[in-house]
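K.L.:
My structure is below; once you've seen it, I'll send some questions.
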């Protein structure tokens with residue numbers, strides 16, 4: 001048994017007390033009986049970006065809300081929770097994300113059940129932010145996330161399942177070790193693990209295909225965006241209209257009504273999004289990137305890039 005397991009399985013003073021007496025309040029303000037208790041930020045963050053703790057076992061935890069994103073990670077065993085009035089059983093490796101104002105209660109954990117709490121001080125960190133990370137290279141995902149769209153239901157909690165050797169589990173284990181068993185440079189290590197953790201979480205979110213499949217039959221515009229996302233470098237309006245069995249002019253008007261842009265403008269936007277991603281994540285020459293996304297005219301590419309992002313591709317690459 002490693003040091004982290006030994007630490008987490010060892011009974012804390014609070015757990016010993018709960019084992020005898022039942023629930024003993026820790027961070028909750030139990031004085032407020034008229035509304036659901038709320039955990040405040042002030043209890044957790046002392047000049048730190050993240051707070052990690054083991055959830056105390058042996059007593060049920062009453063329903064409460066948070067002022068920040070909370071993540072529950074089932075490190076060992078299992079855990080039953082009620083989230084926004086729904087019953088869930090979390091198993092080993094499950095990750096529960098709960099946004100501001102989500103409500104949950106936790107049934108008593110047994111000896112072998114280890115639930116880890118991760119809290120984040122940055123209020124910009126949210127489920128929707130993680131979804132935007134996943135979909136930053138997609139017109140369709142941006143449409144589904146927009147406030148004007150009725151096609152995408154934004155829950156304020158999300159339950160993710162992970163495999164035994166999932167990278168996100170490995171990163172979580174490293175973060176927990178650095179936080180709960182601190183060594184020299186542990187805080188610096190945690191700051192570098194955080195972005196890796198967030199990107200791995202974004203990868204775990206339901207894929208774009210699964211998110212959209214429920215809505216494709218009822219949304220022609222979603223189908224249009226899906227095709228543009230995939231075939232931006234070569235798709236034309238006539239080809240798109242034929243594929244979707246629509247009149248070309250009708251389809252053009254539909255796109256304009258839904259997006260406020262022409263078909264050509266949407267395709268150009270998608271090309272530029274891809275170009276930006278390649279500039280940020282590869283060392284490919286700018287001219288090669290422009291050609292790969294469908295711009296044959298270098299001058300036009302530079303003009304449209306600056307018009308869209310406020311700076312040229314060379315500045316993007318430098319930054």
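The values are calculated or read from the model by the stated rules, or taken from the named source; none is laboratory data. Worth saying up front: this structure is predicted, and the values here are computed from it rather than measured. Virtual Cβ from ideal backbone geometry, glycine too; neighbours counted across all protein chains shown.
K.L.:
Which one of 54, 91 is surrounded by fewer than 17 Cβ atoms within 10 Å (Cβ to Cβ), closer than 22 Å to residue 15 by Cβ and at pLDDT 95 or above?
P.N.:
One residue alone meets the criteria, 91.
K.L.:
While we're on this one: Checking residue 141 against (1) modelled with pLDDT under 85; (2) touching a strand residue (DSSP E or B) at 6+ places or on another chain (Cβ under 6 Å), which test does it fail?
P.N.:
Condition not satisfied by residue 141: (2).
K.L.:
Then there's this: Anything in the range 102-119 that is under 23 Å from residue 194 (Cβ atoms) and over 17 Å from the mean Cα position of the chain (by Cα)? List them, or say none.
P.N.:
Within the range 102-119, 114, 115, 116 qualify.
K.L.:
Identify the single condition in (1) surrounded by 22 or more Cβ atoms within 10 Å (Cβ to Cβ); (2) within 15 Å of residue 55 (Cα to Cα) that residue 69 does not satisfy, given that it satisfies every other one.
P.N.:
(2)
K.L.:
Could you list, in sequence order, the residues of the range 95-112 that are modelled with pLDDT under 95 and buried (at least 19 other Cβ atoms within 10 Å of the Cβ)?
P.N.:
95, 96, 97, 98, 99, 102, 104
K.L.:
May I ask you to say which residue of 266, 254, 237 is farther than 29 Å from residue 310 by Cβ and touching a residue at least 12 places away in the same chain (Cβ under 8 Å)?
P.N.:
From the options 266, 254, 237, the qualifying one is 254.
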